[in-house]
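Input: a single structure, listed below in structure tokens.
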Amino acid sequence: MLTGPDWLALLPPEMSLPVAVVLVASAALTAALTAGLGIGGGVLLLGIMALLVPASALIATHGVVQIGSNVGRTALMWRHVERRLLLPFVLGAVIGAASGGAIAWQLPEALLNGALGLFILYAVWGRWPAMRATGLWLGGSLISFLSMFVGATGPLVAALMKTHQLDRLRHMATFSACMSLQHGLKILAFGLFGFQFGPWWPLLIAMIASGFAGTWLGERWLRGRAEDGFQRGLNLLLTLMALQLLWQSVADLSAR
């Protein structure tokens, strides 16, 4: 049986066991919300991780957790994927991930926190732009570029897929495939630019496993039970997280 020190040896440097437990539980909760209520659990998980994970590791590790859930959905729904849409999206995503990764790796933590705070506020209160179907490769490039800085760009990919007027199954399957490819390219880019995933793997595997459990629970217990009050509460929680990140960013920049 592992004791306290044994568990700490499996965690990234300077991370406590209670923080790791919160992260694993958050992966399950956000996966359940996404599966059961259709709410953007990726953005909520990003907000939670932004408060607990160093900014330099946030986007890379968030991408690993998210690829776990998206790959699972893609595998289950592969026969519904519109494969003709994948190639142009991937070509654009390669360009975006490579160019964004080269820049994101060099940005100071204060700027990354500020960008994340602004992105979460827009994800909650803004309106996503309509994206033309003819610009699939360009959209893949721009969205993947942004994903290197802000992580949870699922709403933008969903807006891009919506322009193709797919039915529900084909939309979800193709969306999941595109997100899997995007997160995979993002992880590859961070690895090539020097991010060390090694110390994070035990925690990330635990978060992916809890995410699968959350997806299973969400599909069975929460589907169809969304309420306006719950949505308002979630928006308030995300807003407070974003304001905390912006305050931290301003404080760090002012201290320089």
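Pairs meeting the criteria (first residue in the range 156-174 and hydrophobic (A, V, I, L, M, F, W, C), second residue assigned to a helix (DSSP H, G or I) and loosely packed, with under 15 Cβ neighbours inside 10 Å, beta carbons under 9 Å, at least 6 apart or on different chains) are Leu160/Ala133; Ala173/Leu76; Ala173/Trp78; Ala173/Arg79.
The set of residues in the range 78-89 being outside any helix (DSSP H, G or I) and either without any contact (Cβ under 8 Å) to a residue 60 or more places away in the chain or buried (at least 17 other Cβ atoms within 10 Å of the Cβ) (or both) consists of Val81 alone.
The C-beta contact set for the range 47-60 (first residue at negative phi and in contact (Cβ under 8 Å) with a residue 40 or more places away in the chain, second residue basic (Lys, Arg) and surrounded by 21 or more Cβ atoms within 10 Å (Cβ to Cβ), distance under 9 angstrom, 6+ apart or interchain) comprises Ile59/Lys186; Ala60/Lys186.
Would you check if Ala75 is outside any loop (DSSP other than H, G, I, E, B), at pLDDT 75 or above and surrounded by 18 or more Cβ atoms within 10 Å (Cβ to Cβ)? No: the conditions fail for Ala75. Whenever a residue of the range 104-115 is at pLDDT 75 or above, its partners that are of a type in the set (Phe, Trp, Tyr), lying with C-beta atoms within less than 6 angstrom and at least six residues away or across chains, give the pairs Ala115/Phe149.
The values are calculated or read from the model by the stated rules, or taken from the named source; none is laboratory data. Please read these numbers as outputs of a predicted model, since none were measured by experiment. All Cβ positions, glycine included, derive from the backbone under ideal geometry; neighbour counts span all protein chains shown.
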